[in-house]
Amino acid sequence: MTPSDGTAIGKGYWPRRYTVVGMCFCAAFICYIDRVNISVAAIAMQDEFGWSDTTKGLVLSSFFVGYLLTQAVAGWLANRYGAKLILGLAVAWWSLFTVLTPFAAYTSLPLLIAARIALGLGEAATFPASYGMFGRWVPHNESARAISLLMSGIPVGTLFALIATGWIVTEYGWPAAFYLFGAVGLVWAVAWFMFVHDDPDEHPRISAEERALLGPKPPPEKSPGHVPWGKFLKTPAFWALAINHFASNTVLYIFLAWLPSYFRDAHGLSIAGAGLYSAAPWLTMFLMMNLGGWIADTLLMRGVSKTNVRKILQTAGLLGSGVFVLLVRDVDSAGVAVLLMCGALGAASLTVAGFGTNHLDIAPRYAGVLVGITNTFGTVPGVIGVAVTGWLVGTTGSYDSVFAMVAAINLVGIAVWLAFASGDKLID
């Protein structure tokens, strides 16, 4: 047992950093169920409100307006006022607007779009604030596993939302999905403020051994909230991060938006069948993402340099993803296609242990701000890449050019990463 003063680790001791990482994973999960549920609910909403496809697309894309514009701001706020406060308020904020979505939809279309933008504003803080927490709570030899678990909220949340929302809409109507999912986020916010501490030194029950494992506390900043923007822009490794965040997210967003349509259009599956086939790659992503984190941390513990570990995982992820999507072009069977799609998304998930963890390597004090900046680049494929995909499919009549575009972007990412990425602390 752990003594009341928390000076020793007993058999029953629960590492407090596990609570932080687990709660951040739950935040990412909630982030994605609240983001994805409207993709299913919008089908019923379109029928009820008589929306055109253009109007429906406007509603679905409006989320990204808020999400794209406030990434860096969210990181700065977390750095200035504390990641715990900002993440807790952000989840409460977007959960409130999730609950208010039916009211907004029944009131007017502009109010619904405003609610979706507000949802994006809140969700923008998810990953910057989580990285800010990890910068204080996660030892360097556990960082890849922690980030991989955090990012696992993406495929797990996506799968849950796609499955659960369909059932909820069928049984209880589309507004119920927003009420239930929003309530989950509000409960999480209460638990977050009750059980999580911003700094290990503030935790009343952390053991001395775990505190020592987390390393020495960094000296206080001379100017709280100061961010070395100039150093970021002058550091080649920063640009390698930004470009690779864009490259790594391209396949993610295109698959998220277009995978069901691909199986329906290219292989003639029903909507239900397309949805079922589309689920397998997300399961693969969850498994491979955490495997990649384990591989990266194991290599570090065996003495491989951080720079080489990040380059190995990032290159393997982008190269493997590019090869798999190119192979899909010559496939006539839906079964073979789904296997290759699993390979593509599974390989792409290895990049979480590459670029995804690298923010904590090069600028641990400013990791939250840094991921906010690079995720701005990483969100662009969700806006432009998804739209370009539609144009390419409409123009060429197939997805071949889309897969070629993904592979080309991956090759650019690999070249930049191998030339400029670093695992060393460059900004402090």
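The values are calculated or read from the model by the stated rules, or taken from the named source; none is laboratory data. Since the structure is predicted, the reported quantities are computational estimates derived from the model, not experimental observations. Glycine gets a Cβ as well: all are built from the backbone with ideal geometry, and neighbour counts include every protein chain shown.
Which residues, taken from region 101-140, are in contact with a Gly (Cβ under 9 Å, 6 or more places away or on another chain), over 22 Å from Gly292 (Cβ atoms) and not in a helix (DSSP H, G or I)?
If the condition is that a residue be in contact with a Gly (Cβ under 9 Å, 6 or more places away or on another chain), over 22 Å from Gly292 (Cβ atoms) and not in a helix (DSSP H, G or I), then Ala124, Ala125 are the ones that fit.
Just one of Ser305, Ser248 is modelled with pLDDT of 85 or more, of a type in the set (S, T, N, Q) and surrounded by fewer than 23 Cβ atoms within 10 Å (Cβ to Cβ); which is it?
Testing whether each residue is modelled with pLDDT of 85 or more, of a type in the set (S, T, N, Q) and surrounded by fewer than 23 Cβ atoms within 10 Å (Cβ to Cβ) leaves just Ser305.
Would you please name the residue that is nearest to Ala92 (Cα to Cα), looking only at residues in region 188-216 that are within 25 Å of the chain's Cα centre (by Cα) and assigned to a loop (DSSP other than H, G, I, E, B)?
That would be Val196.
Go through the residues of region 251-265 one by one and say whether even a single one is under 22 Å from Ala347 (Cα atoms), touching a helix residue (DSSP H, G or I) at 6+ places or on another chain (Cβ under 9 Å), β-branched (Val, Ile, Thr) and crowded, with 22+ Cβ neighbours inside 10 Å.
yes
When only residues in region 308-326 that are crowded, with 20+ Cβ neighbours inside 10 Å and hydrophobic (A, V, I, L, M, F, W, C) count, which is nearest to Leu350 (Cα to Cα)?
Top of the filtered list is Leu313.
Which ones in region 388-404 are farther than 15 Å from Ala344 by Cβ and among the β-branched types (Val, Ile, Thr)?
Val388, Val393, Thr395, Thr396 - these are the residues of region 388-404 that are farther than 15 Å from Ala344 by Cβ and among the β-branched types (Val, Ile, Thr).
Determine whether Gly215 is within 19 Å of Gly423 (Cα to Cα) and either acidic (Asp, Glu) or modelled with pLDDT under 80 (or both).
When the stated conditions are applied, Gly215 passes them.
Only residues in region 100-120 that are within 16 Å of Thr70 (Cβ to Cβ) count as the first member; pair them with residues that are small (Gly, Ala, Ser) and surrounded by 15 or more Cβ atoms within 10 Å (Cβ to Cβ), Cβ under 6 angstrom, at least 6 apart or cross-chain, and list the lot.
Listed by first residue and then by second, the contacts come to Ala115/Ala104; Arg116/Ser62; Ile117/Ser62; Ile117/Gly66; Gly120/Gly66.
Looking at the structure I just gave you, is Ser143 within 15 Å of the chain's Cα centre (by Cα), at pLDDT below 95, hydroxyl-bearing (Ser, Thr, Tyr) and part of a helix (DSSP H, G or I)?
No, not satisfied.
Looking at region 80-96, can you tell me whether even one residue there is of a type in the set (Phe, Trp, Tyr), in the same structural domain as Arg17 (by TED's automatic domain parsing), part of a helix (DSSP H, G or I) and more than 20 Å from Phe25 (Cα to Cα)?
For region 80-96, residues of a type in the set (Phe, Trp, Tyr), in the same structural domain as Arg17 (by TED's automatic domain parsing), part of a helix (DSSP H, G or I) and more than 20 Å from Phe25 (Cα to Cα): present.
Sort through Ala144, Ala183, Ala176 and tell me the only one that's touching a residue at least 60 places away in the same chain (Cβ under 8 Å) and surrounded by fewer than 17 Cβ atoms within 10 Å (Cβ to Cβ).
After ruling out the rest, the residue left standing is Ala183.
Quick grid of which residues meet (1) modelled with pLDDT under 95; (2) aliphatic (A, V, I, L, M); (3) in contact with a strand residue (DSSP E or B) (Cβ under 9 Å, 6 or more places away or on another chain):
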| residue | (1), (2), (3) |
| --- | --- |
| Val91 | no, yes, no |
| Ala104 | no, yes, no |
| Ala124 | yes, yes, no |
| Met133 | yes, yes, no |
| Arg136 | yes, no, no |
| Pro139 | yes, no, no |
| Ile147 | yes, yes, no |
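Six or more apart or on different chains, Cβ under 8 Å: which pairs go from a residue in region 229-240 that's touching a residue at least 40 places away in the same chain (Cβ under 8 Å) and within 10 Å of Ile362 (Cβ to Cβ) to one that's loosely packed, with under 14 Cβ neighbours inside 10 Å and of a type in the set (A, V, I, L, M, F, W, C)? Could you list them?
Taking only residues 6 or more apart or on different chains, the pairs are Ala240/Ala419.
Give me a count of the residues in region 291-302 that are free of Cβ contacts under 8 Å to residues at least 40 places away in the same chain and loosely packed, with under 14 Cβ neighbours inside 10 Å.
Residues flagged as free of Cβ contacts under 8 Å to residues at least 40 places away in the same chain and loosely packed, with under 14 Cβ neighbours inside 10 Å within region 291-302 amount to 1.
Can you tell me which condition Arg17 does not meet? The list is (1) modelled with pLDDT under 85; (2) assigned to a helix (DSSP H, G or I), and all the others hold.
The one condition Arg17 does not meet is (1).
What number of residues within region 333-376 satisfy the criterion of being under 22 Å from Arg264 (Cβ atoms), surrounded by 24 or more Cβ atoms within 10 Å (Cβ to Cβ) and either free of Cβ contacts under 8 Å to residues at least 12 places away in the same chain or in contact with a His (Cβ under 6 Å, 6 or more places away or on another chain) (or both)?
Going through region 333-376 one residue at a time, the tally reaches 0.
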